Amino acid sequence: MTRARQGLIVSGIQRNGKGGPGRSEPDSEIAGSWYVRLQVAAVGEPVPALPGEDAGVRGAAFGAAAGPIRFTDFRARYRDAPPATPLDAIGKDDAVEDGEESHDEIVFDAAAARHGELVHALLERITRYPGAYEGVPDADAVMRWFPLAGAGSPQARAEWREQAEAAVHAVSTMLAAPALRALLLADGALSARNEVELYDAQGRLLRIDRLVEFADRVVVVDYKLRLLPQEHAAYAAQLRRYEAALRPMFPGRRIESGIATAEGEWIALAQLSTSRRPRQASLF
């Protein structure tokens with residue numbers, strides 16, 4: 001979750017007790033925050049709070065300071081910190097993949113990339129507020145959501161409408177698929193987030209399309225227009241990295257991951273082959 005090599009400071013936020021009946025008690029930490037997650041995982045070193053008499057605010061408006069200001073020098077604490085060790089074994093295939101990325105032939109399909117970006121944008125918007133929409137919006141609504149669609153020539157606008165209609169069809173297919181609906185609409189989930197960014201133990205930035213948290217498991221959802229057989233090994237390695245980074249943050253719960261395709265398929269990590277072949281990108 002960080003590239004920091006010396007130290008990472010995570011603070012919590014206490015509730016003020018407002019919000020009416022049924023709210024959490026005052027001074028309790030906000031559930032689901034990174035502070036609470038790391039605290040439950042028993043990682044990190046607690047920093048004691050400063051005594052009230054030392055932590056009080058004193059400035060020119062309050063007269064001269066009555067005593068010295070105390071603070072914790074985190075530079076000294078982490079100056080000699082050992083290098084970070086992986087939270088989970090990544091595996092040889094994953095380590096090799098990054099080095100071989102430039103040697104694989106990537107076929108870029110501009111039209112597919114534009115289609116994938118629009119489908120992704122629609123999924124992010126609809127799944128963020130699932131209760132706000134009765135169903136998948138039509139092409140006219142999509143074009144209103146993205147005002148740039150009205151720019152350019154009539155031909156460009158007609159092409160954009162075709163893309164909007166294709167994206168609406170893909171999203172409708174995904175939301176209607178039994179294997180995907182619960183993940184996309186977060187039925188029975190404790191929480192669901194889109195575009196989750198974190199760093200793994202090796203300092204690599206990971207960007208998860210959708211993270212759905214249930215009481216007994218946490219599911220990583222990665223969106224793809226389609227998944228070709230020759231892409232299985234690469235995406236299997238990617239999903240394993242996601243799972244390894246998340247496992248310490250959700251102790252006691254299963255970490256699952258898979259690919260959600262525009263055809264309504266759910267391809268779990270266990271289903272992905274481990275063979276290595278040249279990859280053809282289906283960007284999403």
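The values are calculated or read from the model by the stated rules, or taken from the named source; none is laboratory data. Fair warning: this is a prediction, and the values are worked out from it, not measured in the lab. Ideal geometry is used to build each Cβ from the backbone, glycine not excepted, and the neighbour counts take in all protein chains shown.
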(request) Have a look at GLU25, GLU29 and point out the one that is in contact with a Phe, Trp or Tyr (Cβ under 7 Å, 6 or more places away or on another chain) and at pLDDT below 75. (result) GLU29
(request) Report the residue count in segment 204-227 for those that are in a loop (DSSP other than H, G, I, E, B) and either outside the structural domain of LEU184 (by TED's automatic domain parsing) or buried (at least 20 other Cβ atoms within 10 Å of the Cβ) (or both). (result) 1
(request) Give the residue, chosen from GLN238, GLN230, that is part of a helix (DSSP H, G or I) and out of contact with any helix residue (DSSP H, G or I) (no Cβ under 9 Å at 6 or more places or on another chain). (result) GLN230
(request) All but one of (1) touching a Leu at 6+ places or on another chain (Cβ under 9 Å); (2) touching a residue at least 12 places away in the same chain (Cβ under 8 Å); (3) of a type outside the set (Ser, Thr, Tyr); (4) farther than 28 Å from LEU8 by Cβ hold for ARG181, so report the exception by its number. (result) (2)
(request) Restrict the check to segment 163-182 and report whether at least one residue is touching a Pro at 6+ places or on another chain (Cβ under 6 Å), modelled with pLDDT of 85 or more, in a loop (DSSP other than H, G, I, E, B) and not basic (Lys, Arg). (result) no
